[in-house]
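Chemist: Sharing a structure here in structure tokens format.
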Protein chains: 2
Amino acid sequence: MQEVIKASGEREKFSPKKIYRGILLAGGSKTLANETISFVEKNLKKNITTEEILTFVLKNLKKERGVAQRYDLKRAIMSLGPSGFPFETYFAAILREYGYKTTLRNLLQGKNVKQEVDIIARNKYAYMIECKYHNSSGNYAGLKEAMYTYARFLDVKKHKLDFPWLATNTKCSDSAKSYAIGVQLKITSWNFPKEESLQKLIQDKELYPITLIRDLSNETKHKLYSAQLMFVRDLIRYPEHELKKRTQLSDETLKKIISQAKEILNY
Amino acid sequence: MQEVIKASGEREKFSPKKIYRGILLAGGSKTLANETISFVEKNLKKNITTEEILTFVLKNLKKERGVAQRYDLKRAIMSLGPSGFPFETYFAAILREYGYKTTLRNLLQGKNVKQEVDIIARNKYAYMIECKYHNSSGNYAGLKEAMYTYARFLDVKKHKLDFPWLATNTKCSDSAKSYAIGVQLKITSWNFPKEESLQKLIQDKELYPITLIRDLSNETKHKLYSAQLMFVRDLIRYPEHELKKRTQLSDETLKKIISQAKEILNY
């Protein structure tokens, strides 16, 4: 049985199915998915890491336009934080695309302390959202995070909040998920719940973060962030002269990133 | 104003009062406390660290028997963990000296998950204790720790538990303390609450950890731990031949540590 070493150091069984599913989610064809798996399987070796496998996958995905970039979503989100884009800002922007009204970084008076609530999101219900962001793989949100989110909710729910919600860009432990059921805590993690996971929320509406564009300099990222351009989509949503005015980027840089945005969005 | 750099990197005002109080708590005379402060003040310099101040203090405390060792309690407790003595085992032993019945590392079924409860302690009431141990200065237990302790308590209180309790060998943040009042969470931290702080619980009954003895080799620590000798007091409580049998230590080593134990306890 082929084993793979994860970022956390743990080992798991090599799963072609995961790669297959990931490629389809990223808009690749079944042919491309099968070809990629064959390519990876030819290159398997003892003690291979998930990182090395990802490199092989991405190499092969270049055959179809934009698939490689979209497949690399997880890593792009991990590089949001260091770029200055707080995860809660990105997640709130996603929620707005799904019809929620959101407010960011709220200070609410609890019984004895002021609680900082990352996002309040409202549709039919009002949710108190705690965001747990990790900028490296191998971390996950666990039972403790689920418990303090619930305790924070209890402390502030008098502000007309209906449910607690824990959102993370990584995985969530099984005990956190089980606990969540008992206290009606909603969880959104990278791959859970299957039909409303972070990955799926992003891919279904193509809400790719701008960090999916390769080789952005820190200066460029900073200018995009200051102009509140967070989605790759934003780069084709506005006319070029407006983007230029808002970001102060050079024509050359702007053309390059718009061309990449089009590739990612198959536009 | 003289500033001191703490282990966390923060700066604080130099406080002779803290040193004075610490020396008296460690059984030193007022004369010794005043002398020590003069000695430290002579050696103050820009950007001095708390660590450097501690070295000056300890140097001067040698004039009275056992005071230096007892003053160094905080550091001795921080080196418990790496010695293999879990903090919860030490804290439970302290509580037993104060009349509690304790059970360690309990697995209790919550609504949907099994919760690991570090200590259950009973006197008039039954307490669920969460221990938060740090092996370096500059860390502290904060609001999140207080919140998940409370949430864990809510999940398991049906097992006839009356109150949650957070115990830590470092400090506790102000927000954790305020929050605790609102949910009837008991807190024991290094210096809080003043009359029942960890430091005071230990010093009032001389429940010094064996790591207060200097230059214990790891092998010796391990043998003491295996023999369940955790307090300095244990080394004078039992006859030497029994200690020898339980620990398998050489006569020489045993004599050396018993002599230090007597010094610490002024015996």
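Chemist: Cβ contacts < 6 Å: first residue more than 16 Å from A:L207 (Cα to Cα) and aliphatic (A, V, I, L, M), restricted to region A:256-267; second residue assigned to a helix (DSSP H, G or I) and open to solvent by 80 Å² or more (accessible area, probe 1.4 Å), any location; separation 6+ or different chain. Result?
Modeler: none
Chemist: Report every pair of residues separated by at least 6 positions or lying on different chains whose Cβ atoms are under 7 Å apart, first residue within region A:86-97 and in a helix (DSSP H, G or I), second among the acidic types (D, E).
Modeler: Final answer for the pair search is A:E88/A:D118.
Chemist: Could you check A:D155 against (1) within 8 Å of chain B (Cβ to nearest Cβ); (2) without any contact (Cβ under 8 Å) to a residue 12 or more places away in the chain; (3) under 19 Å from B:K144 (Cβ atoms) and say which number it fails?
Modeler: (2)
Chemist: When region B:106-133 is examined, which residues are found to be over 19 Å from the mean Cα position of the chain (by Cα), open to solvent by 20 Å² or more (accessible area, probe 1.4 Å) and not hydroxyl-bearing (S, T, Y)?
Modeler: B:N106, B:L107, B:L108, B:Q109, B:K111, B:N112, B:K114, B:E116, B:R122, B:N123, B:K124
Chemist: Let me ask something else. Can you find a residue in region A:27-43 that is in contact (Cβ under 8 Å) with a residue 12 or more places away in the chain, closer than 25 Å to A:H134 by Cα and under 22 Å from the mean Cα position of the chain (by Cα)? Let's see the steps before the verdict.
Modeler: Of the residues in region A:27-43, the ones in contact (Cβ under 8 Å) with a residue 12 or more places away in the chain are A:27-29, A:32-37, A:39-41, A:43.
From what's left, closer than 25 Å to A:H134 by Cα: none.
No: region A:27-43 contains no residue that is in contact (Cβ under 8 Å) with a residue 12 or more places away in the chain, closer than 25 Å to A:H134 by Cα and under 22 Å from the mean Cα position of the chain (by Cα).
Chemist: Okay, next question. Do you know which of the residues in region A:221-267 that are open to solvent by less than 20 Å² (accessible area, probe 1.4 Å), under 18 Å from A:P86 (Cβ atoms) and in a helix (DSSP H, G or I) is modelled with the lowest pLDDT?
Modeler: In this case the residue turns out to be A:L224.
Chemist: Based on what the data block shows, is B:L54 in contact with a helix residue (DSSP H, G or I) (Cβ under 9 Å, 6 or more places away or on another chain) and more than 23 Å from B:K171 (Cα to Cα)?
Modeler: No.
Chemist: List every residue pair whose Cβ atoms lie under 7 Å apart, where the two residues are 6 or more positions apart in sequence or sit on different chains, the first residue falls within region A:72-83 and is of a type in the set (D, E, K, R), and the second residue, located anywhere, is part of a helix (DSSP H, G or I).
Modeler: Filtered contacts from region A:72-83: A:D72/A:L58; A:D72/A:L212.
So that you can scan it fast, the table gives a plain yes or no per residue for (1) more than 14 Å from chain B (Cβ to nearest Cβ); (2) farther than 30 Å from B:S178 by Cβ:
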| site | (1), (2) |
| --- | --- |
| A:S79 | yes, yes |
| A:E88 | yes, no |
| A:L104 | yes, no |
| A:L107 | no, no |
| A:K111 | no, no |
| A:K114 | no, no |
| A:A121 | yes, no |
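Chemist: Before we move on, is A:S197 in contact with a Gly (Cβ under 8 Å, 6 or more places away or on another chain), of a type in the set (S, T, Y) and open to solvent by less than 30 Å² (accessible area, probe 1.4 Å)?
Modeler: The answer is no for A:S197.
Chemist: In region B:159-194, what residues are of a type in the set (F, W, Y) and either within 14 Å of chain A (Cβ to nearest Cβ) or under 21 Å from the mean Cα position of the chain (by Cα) (or both)?
Modeler: Of everything in region B:159-194, those that are of a type in the set (F, W, Y) and either within 14 Å of chain A (Cβ to nearest Cβ) or under 21 Å from the mean Cα position of the chain (by Cα) (or both) turn out to be B:W165, B:Y179, B:W190, B:F192.
Chemist: Next up: Looking at (1) in contact with a Gly (Cβ under 8 Å, 6 or more places away or on another chain); (2) not in a helix (DSSP H, G or I), which is the one condition that is false for A:K46?
Modeler: (1)
Chemist: So is A:A92 within 18 Å of A:K205 (Cα to Cα), buried (at least 17 other Cβ atoms within 10 Å of the Cβ), small (G, A, S) and within 19 Å of the chain's Cα centre (by Cα) or not?
Modeler: For A:A92, the condition - within 18 Å of A:K205 (Cα to Cα), buried (at least 17 other Cβ atoms within 10 Å of the Cβ), small (G, A, S) and within 19 Å of the chain's Cα centre (by Cα) - is met.
Chemist: Could I ask something else about it? Looking only at region A:134-151, count every residue that is open to solvent by 30 Å² or more (accessible area, probe 1.4 Å), closer than 20 Å to B:N112 by Cα and either more than 10 Å from chain B (Cβ to nearest Cβ) or in contact (Cβ under 8 Å) with a residue 12 or more places away in the chain (or both) and tell me the total.
Modeler: 3
Chemist: Any residue at all in region B:65-74 that's among the hydrophobic types (A, V, I, L, M, F, W, C) and either within 14 Å of another protein chain (Cβ to nearest Cβ) or in contact with a strand residue (DSSP E or B) (Cβ under 7 Å, 6 or more places away or on another chain) (or both)?
Modeler: Looking for residues that are among the hydrophobic types (A, V, I, L, M, F, W, C) and either within 14 Å of another protein chain (Cβ to nearest Cβ) or in contact with a strand residue (DSSP E or B) (Cβ under 7 Å, 6 or more places away or on another chain) (or both), one finds none in region B:65-74, hence no.
The values are calculated or read from the model by the stated rules, or taken from the named source; none is laboratory data. For clarity, every value in this text was computed on a predicted model and none was experimentally measured. Note: ideal-geometry Cβ built from the backbone for every residue, glycine included; neighbour counts use all protein chains shown. Areas reflect the complete protein model, heavy atoms only, side chains present, ligands, DNA and RNA absent. Shrake-Rupley method; radii C 1.70, N 1.55, O 1.52, S 1.80 Å.
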